[in-house]
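Engineer: First the structure, which I've put down as structure tokens, then a few questions once you've had a look.
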Amino acid sequence: MTRFVIRLDDICPTMDHGKFARARAAFDRAGVRPLMGVVPDNRDPDLQIDAADPGFWQMMRDLRGEGWGISQHGYRHLIHTSDRGLLGITPRSEFAGRGLDDQRADLAAGQAILAREGLGTDVFMAPFHSYDRATLTALKSLGFTTLTDGYGIVPWRQDGLTFVPQLFERPVHFGAGVYTLCLHLNNMTDEAIDALGHFMATNAARFISFDQVRARTWPAALVRPLGLALRLALTAKRRRP
Ligand SMILES: [Zn+2]
């Protein structure tokens, strides 16, 4: 049976609170617990939709207590380079193409904020899906173990890290494997959120948590050929201006 995991990008105090609340209700109805990508110190104007919610960090702690996953989504969600990174998707990056020390300093600053808020995590979600080898080195040195990104249909271990692949934004699949649906709630219509809620409620058994997925990794050598093929097939499609 194919399985789905949901990741929510761009979670921060100034996100679209109405959309988040609508999605939260849908997740609760379906019993689905997504992985959230929390921006520790958002400075990206594109993510400033609503006024900052003073209850944001407590809500994050409450959701973690209910089994929702927490990952660190960059540091400030700023575009520092036009490097597409190892995945080759978007020509923007907060990390790829910068020096190791600069990357590590930003990652550590974000990590400290999440730890201070009681949301410490060893999972990293790269803004714009863009990271390079230096990012991976910095992440490992800071104790991160897992990334939500990569081309594949099963999680794998590589270079001392676990990768949980992410391919699509909608529940499409190839008949086997595990698929991470990448959702940007700020940009979704109410109708799209409701449609996803309906799909989740009627396919609840197919949704599992990020922690369940990452516990079952495959050797990199076994998954690499399919990953390369998926990369070739999907890169052009996923690239956005
Ligand atoms: Zn983002």
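Engineer: So, R7, is that one open to solvent by 10 Å² or more (accessible area, probe 1.4 Å) and either in contact with an Asp or Glu (Cβ under 6 Å, 6 or more places away or on another chain) or under 22 Å from F124 (Cβ atoms) (or both) or not? If you could, list the steps in order and put the result at the bottom.
Structural biologist: Working: open to solvent by 10 Å² or more (accessible area, probe 1.4 Å): no; either in contact with an Asp or Glu (Cβ under 6 Å, 6 or more places away or on another chain) or under 22 Å from F124 (Cβ atoms) (or both): yes.
Considered against the rule, which asks whether it is open to solvent by 10 Å² or more (accessible area, probe 1.4 Å) and either in contact with an Asp or Glu (Cβ under 6 Å, 6 or more places away or on another chain) or under 22 Å from F124 (Cβ atoms) (or both), R7 comes out as no.
Engineer: State yes or no: is F56 among the hydrophobic types (A, V, I, L, M, F, W, C) and surrounded by fewer than 19 Cβ atoms within 10 Å (Cβ to Cβ)?
Structural biologist: So F56 passes the test.
Engineer: So if I check each of S141, S130, which one is touching a strand residue (DSSP E or B) at 6+ places or on another chain (Cβ under 8 Å) and either open to solvent by less than 10 Å² (accessible area, probe 1.4 Å) or hydroxyl-bearing (S, T, Y) (or both)? Let's see the steps before the verdict.
Structural biologist: Values: S141 fails: touching a strand residue (DSSP E or B) at 6+ places or on another chain (Cβ under 8 Å).
Of the residues listed, the single one that is touching a strand residue (DSSP E or B) at 6+ places or on another chain (Cβ under 8 Å) and either open to solvent by less than 10 Å² (accessible area, probe 1.4 Å) or hydroxyl-bearing (S, T, Y) (or both) is S130.
Engineer: Next question. Kindly evaluate V123 against the criterion of being in contact (Cβ under 8 Å) with a residue 60 or more places away in the chain and in contact with a Leu (Cβ under 8 Å, 6 or more places away or on another chain).
Structural biologist: Yes, satisfied.
Engineer: Working only within the range 83-111, note down all residues that are among the small types (G, A, S) and either within 15 Å of the ligand (Cβ to nearest atom) or in contact (Cβ under 8 Å) with a residue 12 or more places away in the chain (or both).
Structural biologist: Our first condition is that a residue be among the small types (G, A, S); within the range 83-111, this holds for 85, 88, 93, 96-97, 99, 105, 108-110.
Selection gives G85, G88, S93, A96, G97, G99, A108, A109, G110.
Engineer: Looking at the range 47-59, can you tell me whether even one residue there is within 16 Å of the ligand (Cβ to nearest atom), part of a helix (DSSP H, G or I), modelled with pLDDT of 95 or more and touching a helix residue (DSSP H, G or I) at 6+ places or on another chain (Cβ under 8 Å)?
Structural biologist: yes
Engineer: So which residues in the range 62-83 are under 28 Å from S209 (Cβ atoms), open to solvent by 60 Å² or more (accessible area, probe 1.4 Å) and within 18 Å of the chain's Cα centre (by Cα), if there are any at all?
Structural biologist: R64, R76, listed by residue number.
Engineer: Answer yes or no as to whether L86 is open to solvent by 10 Å² or more (accessible area, probe 1.4 Å), farther than 22 Å from N187 by Cα and part of a loop (DSSP other than H, G, I, E, B).
Structural biologist: Taking the combined requirement at face value, the residue satisfies it.
Engineer: For the range 89-101, what are the residues that are open to solvent by 10 Å² or more (accessible area, probe 1.4 Å) and either closer than 21 Å to L183 by Cβ or in contact with an Asp or Glu (Cβ under 6 Å, 6 or more places away or on another chain) (or both)?
Structural biologist: Hits for the range 89-101 are R92, G97.
Engineer: Also, I was wondering about something else. Condition check: among the aliphatic types (A, V, I, L, M) and modelled with pLDDT under 90. Does A205 satisfy that?
Structural biologist: On the way: among the aliphatic types (A, V, I, L, M): yes; modelled with pLDDT under 90: no.
In short, no.
Engineer: Failed condition for M15, given (1) modelled with pLDDT under 95; (2) touching a Leu at 6+ places or on another chain (Cβ under 7 Å), with all others met?
Structural biologist: Tallying (1) modelled with pLDDT under 95; (2) touching a Leu at 6+ places or on another chain (Cβ under 7 Å), M15 fails exactly one: (1).
Engineer: Now a separate question. Kindly provide the set of residues from the range 11-26 that are among the aliphatic types (A, V, I, L, M), crowded, with 18+ Cβ neighbours inside 10 Å and over 13 Å from A52 (Cα atoms), ordered by number. It would help to see each step written out before you state the result.
Structural biologist: Our first condition is that a residue be among the aliphatic types (A, V, I, L, M); within the range 11-26, this holds for 11, 15, 21, 23, 25-26.
From what is left, the residues that are crowded, with 18+ Cβ neighbours inside 10 Å are 11, 15, 23, 26.
The answer is A23, A26.
Engineer: Please verify whether G37 is open to solvent by less than 10 Å² (accessible area, probe 1.4 Å), within 18 Å of D149 (Cα to Cα) and within 14 Å of the ligand (Cβ to nearest atom), treating the condition exactly as stated.
Structural biologist: yes
Engineer: Checking G31 against (1) open to solvent by less than 10 Å² (accessible area, probe 1.4 Å); (2) on the phi > 0 side of the Ramachandran plot, only one condition comes out false. Which one?
Structural biologist: Here G31 meets the rest and fails (1).
Engineer: Just checking, how many residues over the range 114-125 are within 16 Å of the ligand (Cβ to nearest atom) and either farther than 15 Å from L142 by Cα or in a helix (DSSP H, G or I) (or both)?
Structural biologist: Selection size over the range 114-125: 1.
The values are calculated or read from the model by the stated rules, or taken from the named source; none is laboratory data. As the structure is a prediction and not an experimental result, all values here were calculated from the model. Note: ideal-geometry Cβ built from the backbone for every residue, glycine included; neighbour counts use all protein chains shown. For accessibility, only protein heavy atoms count, side chains too; no ligands or nucleic acids. Shrake-Rupley method; radii C 1.70, N 1.55, O 1.52, S 1.80 Å.
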